[in-house]
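In what follows, a single structure is set out as structure tokens and then discussed.
The values are calculated or read from the model by the stated rules, or taken from the named source; none is laboratory data. Keep in mind the model is a prediction, meaning the values are calculated, not measured. Glycine also receives a Cβ, built like all others from the backbone with ideal geometry; neighbour counts cover every protein chain displayed. Heads up: the accessible areas ignore ligands, DNA and RNA and are worked out on the full protein's heavy atoms, side chains in. Shrake-Rupley method; radii C 1.70, N 1.55, O 1.52, S 1.80 Å.
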Amino acid sequence: MDSSSPPPSPSPAPSGSRGASNATQRWSILRRALLARSSSARAQEGISSDHQIKDGTNNISRKASRGFNLIECHSLPISQLAKSFGNSLNGNENDFGQKDVYVCYKLPCRDSSKLDLVYRKEDSLELNDIEASNKYNIDTTGLVCCWPSEEVLAYYCINHSDMFRSKKVLELGSGYGLAGLVIAASTNADEVVISDGNPQVAGYIQKNISINTETFGETKVKSMILHWDKEQASEILNTFDIIVASDCTFFKQFHEGLAGTVKSLLKHSATSQAIFLSPKRGDSLDKFLGIIKENGLRCELIENYDPTV
């Protein structure tokens, strides 16, 4: 178990948004999402993109940091990705939506590997995303962005690539799957399974696997919808040498399921291990470590695990 440094503190809101409380602004977001379902209602209310900017709601309910710049990356037009990788996706450019963005990562490896990932644009969650999360009893954090801890986990895996050689690896709560894809592309792992409980997120994971297939060499890579609060399929019980996860301990209601999932899926071996990178968000990490111990798992908290991080 490892602990990554917390992201930088959010920047102050612009002066134009200081008059309204965060709660008021969040209600404004909900109101706008509901009205957006009816174009006639939008017209009657006179809501425009200018209003969205002026009411200050772009300054809350969002991630404040784009990451730690540990892995070089740059954005390109999504149309370029569709044109370049259409064959990998059955030639269907409709696999890329208007809310998608294309990010190219250059991995700091000796062979200068690169990864092409498709994300949702930040701040593009819609009401149907919330409806899906309620339907499947999941959260939407995997759709929001590639979180800073995922980048830190990916960077850590690159710098400790030997530990993954010939191993079967599982990433839990992976979001868009950057860390799992990095392991598949740079460590000579035998197999990498990249999982998330949100079906929409799992769709993005599979898309990113398809785009990068030629980068994985002999490593087998697949996506999986995996819920921590459900009994896991018998074919994956106690099969993984290494489980990795980033920023998955924030929601305390998931602690029991997450700990149970780790225990049930790790191999019964002295060398099997789970590596968690978690910012310190209140007492959630300490609470999770307590649950881990209650499940009979040994853990070690390491804060200074990398000189760069």
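Here the extension length gained between Gln253 and Gln232 equals 5.7 nm, from 0.36 nm per residue of separation less the Cα-Cα distance. Loop-located GluC sites (Glu not before Pro) in the stretch 280-309 (DSSP state not H, G, I, E or B) with no more than 13 neighbouring Cβ atoms inside 10 Å: Glu300, Glu303.
Net charge in the neighbourhood of Ser174 (other residues with Cβ under 9 Å of its Cβ; Lys, Arg +1, Asp, Glu -1) is -3.
For the stretch 73-295, the Kirkwood estimate of hydrodynamic radius, built from reciprocal distances between every pair of different alpha carbons, is 17.8 Å.
Extension gain for Lys99 to Lys287 (0.36 nm times residue separation, less C-alpha to C-alpha distance): 64.1 nm.
Solvent-accessible area per residue in the stretch 73-295 equals 46 Å², computed with a 1.4 angstrom probe and all protein chains kept.
Across the cross-link table entries Lys168/Lys263; Lys99/Lys222; Lys230/Lys252; Lys99/Lys207; Lys168/Lys222; Lys114/Lys207, which are compared at the Cα atoms, the separations over 18 Å belong to Lys99/Lys222. Rolling a 1.4 Å probe over the protein heavy atoms of the stretch 73-295, with every protein chain left in place, gives an accessible area that is 46 percent carbon and sulfur.
If the chain linking Asn69 and Asn134 were pulled fully straight, counting 0.36 nm for each residue of separation and taking away their Cα-Cα distance, it would gain 20.0 nm. Evaluated with a Cβ-only charge set (Lys, Arg +1; Asp, Glu -1), the stretch 73-295 carries a dipole of roughly 360 debye about its Cα centre, given to the nearest 20.
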